[in-house]
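Undergrad: Structure in structure tokens, see below.
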Amino acid sequence: MQRNDFIAVNEPLLDGNERQYLLQCIDSGWISSEGPFVSQFEAAMSARANRRWGVAVCNGTAALDAAIEALGIGPEDEVIMPAFTIISCIGQIIRSGARPVLVDSDPLSWNMAVERIEEKITPRTRAIMMVHIYGLPVDVDAVMDIARRHDLCVLEDAAEMHGQTYRGRPCGSFGDLSTFSFYPNKLVTTGEGGMIVTDDDALAQSCRSLRNLCFQPQARFVHERLGWNLRMTNLQAALGMAQLERLDEFTARKRAMGRRYTQLFAGRAGLQLPLARTDYADNVYWVYGLVLDESVQLDAAEAMRRLAARGIGCRPFFCPMHQQPVLRARGLFSGESYPVAERLYRKGFYIPSGLALTEPQMERVAEAVRDVLQ
Ligand SMILES: *Cc1c(COP(=O)(O)O)cnc(C)c1O
């Protein structure tokens, strides 16, 4: 039922060297994970994140799974993570037998409320998962300080943060391991794809092995450990190289779009807009989120229905982990409440934010939001 003038929530920009590099793959016959673009893309992404190693995988969820396994997290362990995030963050923590421990969100940045982390630390805490949400980084130094004092690992999920910095240092450069996603709505896309970056030789080696079924160099089909096939293809990495060449242009474009939306919504009652900046970063507006005030009768679901009827594609905010039926059914998080995350889910959604979005489209989106709120 998609109308011609429907504004999709995301449309990527693929008008650089994507076509040329893909044709190189086809003409050379290098289409599998063995092709040369994979190691080039690993080197370029890890350099961009100030990391020694990059391990390309098939998606951002796989990157998180491999990272959790590589850190050796398992039964007896607790991992502190935000309540307000994507399900990808929690899957392997649970499958490993470890216990996820949730922290509520900051009402303005929507990131994990760093000042609530320490109260969650127990003798079993092994790691903190730091997930940067929607365009602003977590207060990294505060998390690293807690981790240092309590001797905890830090895993950084930078899936939404390509090209973003924290106090001038790149997102993806913090903690033991960082992960990226290259899904089409991310700032660099490979269609599907992900990467783990790290400075730690052993962790990088472990991720490499886990990605490739833990085949062994000497006795290929004899396995000491269970891995997965998480390999990225040369075709995906070719796209990634073409995209990465334009990352500075993409982040500038996202920031300009964010500023333009903020202008268009200025003075609108009933709406909370993304913070333009914190004292450690300027918003990169990976997506442009809106949170309806409690005084607004509509919830996000109804607002999105009305916007869809006006040809505007939106997406709900994340459903918090403690409200996930699949996790509640496992007996997790019973009786727990994270009021900020709950409100963000009830009242929050994001509007079209893709790199291909045009000025007239943004004006139409803003007009539709104004109509719906009236
Ligand atoms: C997109 C995303 C992921 C998952 O990446 P996929 O490539 O879709 O598997 C993980 N974490 C965050 C924060 C994301 O935004």
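Undergrad: Return the sequence-ordered ³J(HN,Hα) values of region 327-336 in whole Hz as given by the Karplus equation 6.51 cos²θ - 1.76 cosθ + 1.60 applied to θ = phi - 60°, using x for Gly and Pro.
TA: The phi angles translate into 8, 4, 5, 8, x, 7, 6, 5, x, 8 Hz.
Undergrad: Determine, for LYS120, LYS254, LYS347, the number of other Cβ atoms within 10 Å of each Cβ, and report the residues in order from fewest to most. Before the final figure, lay out each step's value.
TA: On the way: LYS120 14, LYS254 25, LYS347 21.
Ordered from fewest to most neighbouring Cβ atoms within 10 Å, LYS120, LYS254, LYS347 come out as LYS120, LYS347, LYS254.
Undergrad: Using 1/(1 + (r/R0)^6) with R0 = 56 angstrom and r between the beta carbons of GLU294 and ASP141, what's the FRET efficiency to the nearest 0.05?
TA: So, using R0 = 56 Å, E works out to roughly 0.95.
Undergrad: May I ask you to derive the FRET efficiency for ASN50 and ARG148 from their Cβ-Cβ distance with R0 = 22 Å, giving the value to the nearest 0.05?
TA: On the way: r = 19 Å, r/R0 = 0.86.
The pair ASN50/ARG148 has a calculated efficiency of 0.70.
Undergrad: Taking 7 Å along the Cα-to-C-beta vector as the label spot, tell me the ALA356-PHE221 distance in nanometres, rounded to one decimal.
TA: In this crude spin-label approximation the distance works out to 4.5 nm.
Undergrad: Continuing with this model, one more query. HN-Hα J couplings of region 200-212 from phi, Karplus 6.51/-1.76/1.60, θ = phi - 60°, integer Hz, Gly and Pro as x?
TA: Once rounded to whole Hz, the list reads 8, 4, 5, 5, 4, 4, 5, 5, 4, 5, 4, 5, 10.
Undergrad: So which lysines pass the test for LYS186, namely a Cα distance under 28 Å, with those fewer than 8 places away in the same chain ruled out?
TA: Filter leaves LYS254, LYS347.
Undergrad: Sticking with this structure for a sec: Spin-label point model (7 Å from Cα, Cβ direction): what's the THR262 to ARG95 distance in nm?
TA: That separation, rounded to one decimal, is 3.9 nm.
Undergrad: Let me ask something else about it. Hey, rough spin-label estimate for TRP228 and CYS214, points 7 angstrom out along Cα→Cβ, what's it come to in nanometres?
TA: Label-label distance for TRP228 and CYS214, simple model: 1.4 nm.
Undergrad: Report the residues of region 127-168 in range of a label on ARG330: point 7 Å along Cα→C-beta, backbone N strictly under 20 Å from it.
TA: The answer is 127-131, 155-157.
Undergrad: So if each residue of separation counts as 0.36 nm, and I subtract the Cα-Cα distance between PHE6 and ARG370, what length gain in nm does that give?
TA: Here the segment from PHE6 to ARG370 would lengthen by 129.3 nm.
Undergrad: Using the Kirkwood formula on the Cα atoms of region 1-138, what hydrodynamic radius do you get, in angstrom to one decimal?
TA: Values: mean 1/r = 0.0548 Å⁻¹.
Answer for region 1-138: a Kirkwood hydrodynamic radius of 18.3 Å.
Undergrad: Please work out the FRET efficiency for the pair GLU363 and LEU108, using the Cβ-Cβ distance as r and a Förster radius of 35 Å; give the result to the nearest 0.05.
TA: Numbers: r = 27 Å, r/R0 = 0.76.
Calculated transfer efficiency: 0.85.
Undergrad: So what's the back-of-envelope 222 nm ellipticity for the chain, counting only DSSP H runs of four-plus at -39500 (n - 2.57) apiece and dividing by all residues, rounded to 500? The partial results should precede the final answer.
TA: Numbers: 12 runs with 129 residues, N = 374.
Helix-only estimate at 222 nm: -10500 deg cm²/dmol.
Undergrad: Let me see the P(r) profile for the chain: every Cα-Cα distance counted, bins of 20 Å, each bin given as a percent of all pairs.
TA: In order of increasing distance, the bins hold 29, 58, 14, 0 percent.
Taken together, the values in this text are just the output of simple stated rules run on the coordinates, not laboratory data. Bear in mind the structure is a predicted one, so any value in this text is a computation, not a measurement. For neighbour counting, all protein chains shown are included, and Cβ atoms are generated from backbone atoms with ideal geometry for every residue, glycine included.
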